[in-house]
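Undergrad: Pasting in a structure now, in structure tokens, and then I'll have a few things to ask.
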Amino acid sequence: MKKLIAVLLSVSLLFGCFGCSHSENSDKNALTIVLEWTPNTNHTGIYVAKSLGYFEEAGLSVEIVQPPQDGSIALVASGKAQFGVSCQDTLAPAFAEGSELPVTAVAAIIQHNTSGIISRAGEGMHTPKGLEGKRYATWDSPVEKATIRDVMKADGGDFDLVNLIPSTVTDEVSALSTKSIDAVWVYYGWTGVACGVAGLETDYFEFADIDPVFDFYTPVIIGNNEWLKDNEEKAKAFVSALSKGYEFAVENPKKAAEILMDAVPELKSNSTLVYKSQEYLSAEYTADADRWGVFDSKRWSDFYNWLNTNNLLENKINPDFGFTNEYLPD
């Protein structure tokens, strides 16, 4: 929470002019969505909705911006952006009781958690117990370590036997290939696919396959609470246009990837990765849900209950807090 407050203050300073320019904008239908990271296939539906005119058809003028580090929650909470991209686990400190930031998750970009541990193939790390004695690149996050501890215990392993290496990894494929690390937590839709594109044979297990409590939502679309309350119809129009963008990507992964690369030309240098990542994620956006974006209340609350049980936040969190399906199209 202290980190989030510090980020919020820095964002207020860094984006003061950003906020002023938008407050002075005469177009009351102008919205901003701030990403949580550099543009990638998690964000394809956003760029599709903009490029194919879905936002415009909804009467909205939408700007897509990139944040300072860890800044998407702070920008939305401060009202300097109406919407943003975040993750349920990242949001947890912002939802702790007594210090809640005014943001709400309004749509799930991907229906299931597709993150897990990747390692070189054939070295015994295809299950959690295999991490014993191996070099794991850690972010040193309490939630991260508690997750790995739990899945290892379920597999009969001992987390205390893992060799934790402080992560300075910027290229997981290279780090694994050069054997500077043995295993790392990744989101398969990008890094797992990247390993395949590079010809690196890997083993991989997903946390959610071992314990459903880890099937939390990542990434998600968040909105500013005050703006959502005061602009219900615009919010619904925005989320409906987003839904059309992601539905297009589900049905047309190749074309959606091309739209993303046209909007973000620097991705063209990794076009094979973008195409293959898009093919993978296009099957994951909606997956087994009845519509794109919907939250399952039990899955949401189960993860926050796990955080509470393991005392991973300074203050408890209301497990049912922080999300809604009311802005999704019927």
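Undergrad: Looking at this structure, is Tyr304 without any contact (Cβ under 8 Å) to a residue 60 or more places away in the chain, in a helix (DSSP H, G or I) and not assigned by TED's automatic domain parsing to the domain that holds Glu206?
TA: So Tyr304 fails the test.
Undergrad: To continue, here is another question. As an exercise: evaluate Gly59 against (1) under 17 Å from Ser240 (Cβ atoms); (2) assigned to a strand (DSSP E or B); (3) among the small types (Gly, Ala, Ser) and give the number of the one condition it does not meet.
TA: (2)
Undergrad: Within segment 93-164, considering only strands (runs of 3 or more DSSP E) that don't extend past its boundaries, which have at least 3 residues that are aliphatic (A, V, I, L, M), modelled with pLDDT of 95 or more and under 30 Å from Ala283 (Cβ atoms)?
TA: So the answer is 103-108.
Undergrad: Identify, from the list Ile73, Ile148, Ile109, the residue that is of a type in the set (A, V, I, L, M, F, W, C), closer than 29 Å to Ser174 by Cα and touching a residue at least 60 places away in the same chain (Cβ under 8 Å).
TA: Sole residue among the options that is of a type in the set (A, V, I, L, M, F, W, C), closer than 29 Å to Ser174 by Cα and touching a residue at least 60 places away in the same chain (Cβ under 8 Å): Ile109.
Undergrad: Restrict the check to segment 277-291 and report whether at least one residue is outside any loop (DSSP other than H, G, I, E, B), in contact with a Pro (Cβ under 7 Å, 6 or more places away or on another chain) and surrounded by 19 or more Cβ atoms within 10 Å (Cβ to Cβ).
TA: Taking segment 277-291 and keeping what is outside any loop (DSSP other than H, G, I, E, B), we get 277-282.
Pick out the ones that are also in contact with a Pro (Cβ under 7 Å, 6 or more places away or on another chain) and you get 278-279, 282.
From the residues that got through so far, the ones that are surrounded by 19 or more Cβ atoms within 10 Å (Cβ to Cβ) too are 278, 282.
There is at least one residue in segment 277-291 that is outside any loop (DSSP other than H, G, I, E, B), in contact with a Pro (Cβ under 7 Å, 6 or more places away or on another chain) and surrounded by 19 or more Cβ atoms within 10 Å (Cβ to Cβ).
Undergrad: For segment 258-290, enumerate the residues that are under 13 Å from Thr44 (Cα atoms), acidic (Asp, Glu) and without any contact (Cβ under 8 Å) to a residue 24 or more places away in the chain.
TA: Glu258
Undergrad: Would you point out which residue out of Asp262, Asp330 is assigned to a helix (DSSP H, G or I) and surrounded by fewer than 16 Cβ atoms within 10 Å (Cβ to Cβ)? Talk me through it step by step, then tell me what you get.
TA: Values: Asp330 fails: assigned to a helix (DSSP H, G or I).
Of Asp262, Asp330, the one residue that is assigned to a helix (DSSP H, G or I) and surrounded by fewer than 16 Cβ atoms within 10 Å (Cβ to Cβ) is Asp262.
Undergrad: Somewhere in segment 217-226, is a residue charged (D, E, K, R), within 19 Å of the chain's Cα centre (by Cα) and assigned to a helix (DSSP H, G or I)?
TA: no
Undergrad: Here is a check on your reading of the model: is Val169 crowded, with 16+ Cβ neighbours inside 10 Å and over 15 Å from Gly116 (Cα atoms)?
TA: yes
Undergrad: Would you tally the residues in segment 191-213 being surrounded by fewer than 21 Cβ atoms within 10 Å (Cβ to Cβ), touching a helix residue (DSSP H, G or I) at 6+ places or on another chain (Cβ under 8 Å), assigned to a helix (DSSP H, G or I) and not small (Gly, Ala, Ser)?
TA: So the count comes out to 4.
The values are calculated or read from the model by the stated rules, or taken from the named source; none is laboratory data. This is a predicted model, so every value here is computed, not measured. Note: ideal-geometry Cβ built from the backbone for every residue, glycine included; neighbour counts use all protein chains shown.
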